[in-house]
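The values are calculated or read from the model by the stated rules, or taken from the named source; none is laboratory data. From a predicted model like this one, the values you see are computed outputs, not experimental measurements. So basically every Cβ, Gly included, is an ideal-geometry build from the backbone, and we count neighbours across all protein chains shown.
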Amino acid sequence: MRLEVKTVRFFSRKAFSAYENMAIDEALVIETLKQPDSGFIRFYQWQPYSLSFGIFQHPEKIISLPELEKAGIQAVRRSSGGKMVFHADEITFSVALPVKTIENKLTHLQHANFLDLFQALISPFIAALNKHGVPAEFSQTISRRDETVVHCYDAPAAHSIMASGKKLVGAAGIKKDHLFFIHGSMPFSKVLPYEGIFLKKLDSTLKSDVAYLSEYISRDELTLLETSIVEFFGNEFSLKIMPSDLSESELDAANQLARQKYSNLFWK
């Protein structure tokens, strides 16, 4: 029997610390795994500005922790793969649905692989961006693992969303039990990290060819864009979207994860 999710929780944009953001995402995944017929979509921001690293990266080879602290920037290791992202003036998102729910929209494929699931789950973002005048489309680049690449926006992959030939949305996904989870970033304006935090001069990290939402829409339209993403998400997967807040148990779990896990950059 194929599982169809009917209701998904929606969390509107709020700002948290780097540790809290990653902890909240994990707490929501844990809670959602307990309910096989559920999912969520969440928007958030970072306060203060932060660097997030993929689980397979080595932050100690990339940044100076003392200089990072002086700059007032936090650093956190994500539970997902991918490369480093500097989170500043942006919209960050996370979405999760049961794999079977996504597969039900991929009936033309005999066997949906990881990339198929990834693109299907993130495709409502392209539709919403297009609606608001952003020429968004999936990258035509086939992802290849390159250990010399440090920064996410230096490595467009087949699931990356591009605009006018530049990377706009960087994202990473995890398939955990019956659930498929993605979190990613959509930068609004160009904000560069203090170069002194890096152990080496990383020109590409600071000068990547990145697309910014501000090139296409105003800041006042960001909430409308988020609303459109939620609407397309609901329509694509035949879902009822329910505005939600974190429950007391989710808040407790997130606070514990933030303290005991994500506040340690080397938790792996």
Members of region 18-63 found to be β-branched (Val, Ile, Thr) and assigned to a loop (DSSP other than H, G, I, E, B), listed by number: ILE55, ILE62
All positions within region 249-268 that are in contact with a strand residue (DSSP E or B) (Cβ under 7 Å, 6 or more places away or on another chain) and surrounded by 19 or more Cβ atoms within 10 Å (Cβ to Cβ): TYR262, LEU265
Residue match in region 217-234 (condition: of a type in the set (Phe, Trp, Tyr), in a loop (DSSP other than H, G, I, E, B), modelled with pLDDT of 95 or more and touching a helix residue (DSSP H, G or I) at 6+ places or on another chain (Cβ under 9 Å)): no
In region 84-99, the residues that are over 12 Å from the mean Cα position of the chain (by Cα) and surrounded by fewer than 22 Cβ atoms within 10 Å (Cβ to Cβ): ALA88, ASP89, VAL99
Residues of region 11-37 that turn out to be crowded, with 20+ Cβ neighbours inside 10 Å and more than 14 Å from SER79 (Cα to Cα), as a count: 1
Conditions (1) in contact with a helix residue (DSSP H, G or I) (Cβ under 9 Å, 6 or more places away or on another chain); (2) modelled with pLDDT of 95 or more: number failed by ASN130: (1)
Number of the condition not met by ALA75 [criteria: (1) within 27 Å of THR227 (Cβ to Cβ); (2) touching a Pro at 6+ places or on another chain (Cβ under 7 Å); (3) among the hydrophobic types (A, V, I, L, M, F, W, C); (4) surrounded by fewer than 22 Cβ atoms within 10 Å (Cβ to Cβ)]: (1)
Test for LEU246: is it assigned to a loop (DSSP other than H, G, I, E, B) and surrounded by 18 or more Cβ atoms within 10 Å (Cβ to Cβ): yes
Among the residues listed as VAL85, VAL99, the single one being farther than 26 Å from LEU239 by Cα, in contact with a His (Cβ under 9 Å, 6 or more places away or on another chain) and of a type outside the set (D, E, K, R): VAL85
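Okay, residues lined up against (1) modelled with pLDDT under 95; (2) surrounded by 21 or more Cβ atoms within 10 Å (Cβ to Cβ); (3) farther than 20 Å from PHE56 by Cα:
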residue: ARG145; (1), (2), (3): yes, no, no
residue: TYR153; (1), (2), (3): yes, yes, no
residue: PRO156; (1), (2), (3): yes, yes, no
residue: ALA171; (1), (2), (3): yes, yes, no
residue: HIS178; (1), (2), (3): yes, no, yes
residue: MET186; (1), (2), (3): no, yes, yes
Number of the condition not met by MET84 [criteria: (1) hydrophobic (A, V, I, L, M, F, W, C); (2) touching a strand residue (DSSP E or B) at 6+ places or on another chain (Cβ under 6 Å); (3) at pLDDT 95 or above]: (3)
Any hit, region 188-202, residues being at pLDDT 95 or above and either more than 17 Å from the chain's Cα centre (by Cα) or under 21 Å from ASN130 (Cα atoms) (or both): yes
Some residue of region 204-214 being at pLDDT below 90, in a loop (DSSP other than H, G, I, E, B) and of a type in the set (S, T, N, Q): yes
Tabulated pairs, region 245-268, first within 11 Å of ASP25 (Cα to Cα), second not charged (D, E, K, R), C-beta under 6 angstrom, 6+ apart or interchain: GLU250/ALA27; ALA253/ALA27; ALA254/ALA23; ALA254/ILE24; ALA254/ALA27; LEU257/ALA23; ALA258/TYR19; ALA258/ALA23
Of all residues making up region 175-198, the number that are over 28 Å from PHE40 (Cβ atoms) and either in contact with a strand residue (DSSP E or B) (Cβ under 8 Å, 6 or more places away or on another chain) or of a type in the set (A, V, I, L, M, F, W, C) (or both): 5
